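These notes are about the structure you will find just below.
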Amino acid sequence: MTQIASSEAHLARRLGLFDTTMLVMGGIIGSGIFINPYVVAQQVPSTVLILAAWAFGGLIALAGAFIYAELSSQTSASGGQYVYLRDAFHPALAFVYGWALLLVTQSGGMAAVAVTFAKYVCALGHAQASDNFAAFLAAIALAVLTVINCFGVRAGSTTQNLFMILKLIAIAALVAFGLSVSGPPATAVAKSTSSGIWNSVTAFGAALIPVQFAYGGWQTSCFVAGEVREPQKNLPRGLMFGVLGVIAVYLSVNFVCVHALGPLGLAETKTPASAVMRLALGENGARIIAVGIAVSTIGFLSQSMLTAPRVYFAMAEDGLFFSGLAKLNRARVPAFAIALQGALAIVITLSGRYEQILNYVISVDVIFFALTAATVFVFRRRVRAGLTFNRSEATFRVPGHPFTTLFFIAACAGVAFSTVYRYPHNSAIGLGIMLTGIPVYLLWRMRQAARQ
């Protein structure tokens, strides 16, 4: 496609393997790992099941990383999932994905994380922030990151790398000090879970919802394929190294939380990381981890601001979005697309609707994960038939395909079912917002045809 050739010719390839690995880890590790362990413990209040849920979620993420590694090794175009869905199925499906990314999955998530950052910053000053002040501070953070990323992919990547290293230091401190805690009283260690097989299965499925949310984000590194050096080699490697690193981090944090608080204590503690550090170092410990969480959230925002706008850039290059979003500034980055992402996240932040939007994310996200995994079958069949459609043969292949790929698709279907089963109202709204992309796509196509 001429648009892809154009983007490859003009986007600056300045990201190496280390940058890509940091992007993968930065896209996954936000505030979720510091908070979500208690949500998982509420669903499965057993040490074995808590760790099993995080390990199983890690296997799902690793299977997904295998799939995206193969897909990214076939093309060097920016856009990630958008490009894969467009080339395998139809531009309409790809547009609906990009539309949902802009309105639900990315912007709502960024707004919620930005407010989390603001509240932890205020807590460091011993101040109880009002919702309005937290939203204002969050909007400033989003605006600053928008400006930084408009200065170029190197500036955005360096900022993201710095925050990623700092958050890893904070997590290492949490694990190290948490292991020094003697542990909970014997009465807080176990709880009977004999509630029937079906209830146990649905509870484990429900536990996977916050786990999958915490593991989500590794796929966003593929959005910037057009700015990665040797993307068909560095992207697959970055995905593998990044996801494996996060699995190790998440299992370590959850082991420490269960060790220090016990499964019942963890289920009753909405700020488990702070509770662990408070047990280890008193109030100073709680303040230290608050700094770590603030750094982690701002690092996640930096990664999101760097990666997601490349999807809207790719949509605009295809003539399916505002043409200005495909323009590059002097730093050779899509500044208008970056500004759009930042502006919408700020609007959602100031509107106070981020929590509602965040509730709609998982049901939409896992559907597109499963559809993207299915593209592996499509592309492999085309290669066997000699129909490459501007894609080269994969230099990385999914280990254990088709079983690994089918496992990922089945896992996504299971999480989708659990989400709809547990939260039917939120799921319906999320799917409804996603489907509004269909008439918007048709209108854009009609507009495009009228201009020709």
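The values are calculated or read from the model by the stated rules, or taken from the named source; none is laboratory data. Nothing here was measured: the structure is a model prediction, and the numbers come from that model. Here the Cβ is made from the backbone with ideal geometry for all residues, glycine too, and neighbour counts use every protein chain on show.
Check whether at least one residue in segment 325-335 is without any contact (Cβ under 8 Å) to a residue 12 or more places away in the chain and of a type outside the set (Gly, Ala, Ser), and report yes or no. Yes, segment 325-335 contains a residue that is without any contact (Cβ under 8 Å) to a residue 12 or more places away in the chain and of a type outside the set (Gly, Ala, Ser). For segment 152-169, the set of residues classified as at pLDDT 90 or above and over 20 Å from the mean Cα position of the chain (by Cα) consists of Ile169 only.
Taking the numbered list (1) assigned to a loop (DSSP other than H, G, I, E, B); (2) at pLDDT below 80; (3) crowded, with 19+ Cβ neighbours inside 10 Å in turn, Val415 passes all entries but (1). May I ask you to list the residues in segment 325-346 that are assigned to a helix (DSSP H, G or I) and either charged (D, E, K, R) or at pLDDT below 90 (or both)? Result: Ala326, single match. Quick check, is Thr193 β-branched (Val, Ile, Thr) and at pLDDT 90 or above? No: the conditions fail for Thr193.
Within segment 265-287, the set of residues being in contact (Cβ under 8 Å) with a residue 24 or more places away in the chain, part of a helix (DSSP H, G or I) and surrounded by fewer than 19 Cβ atoms within 10 Å (Cβ to Cβ) comprises Leu281, Arg287.
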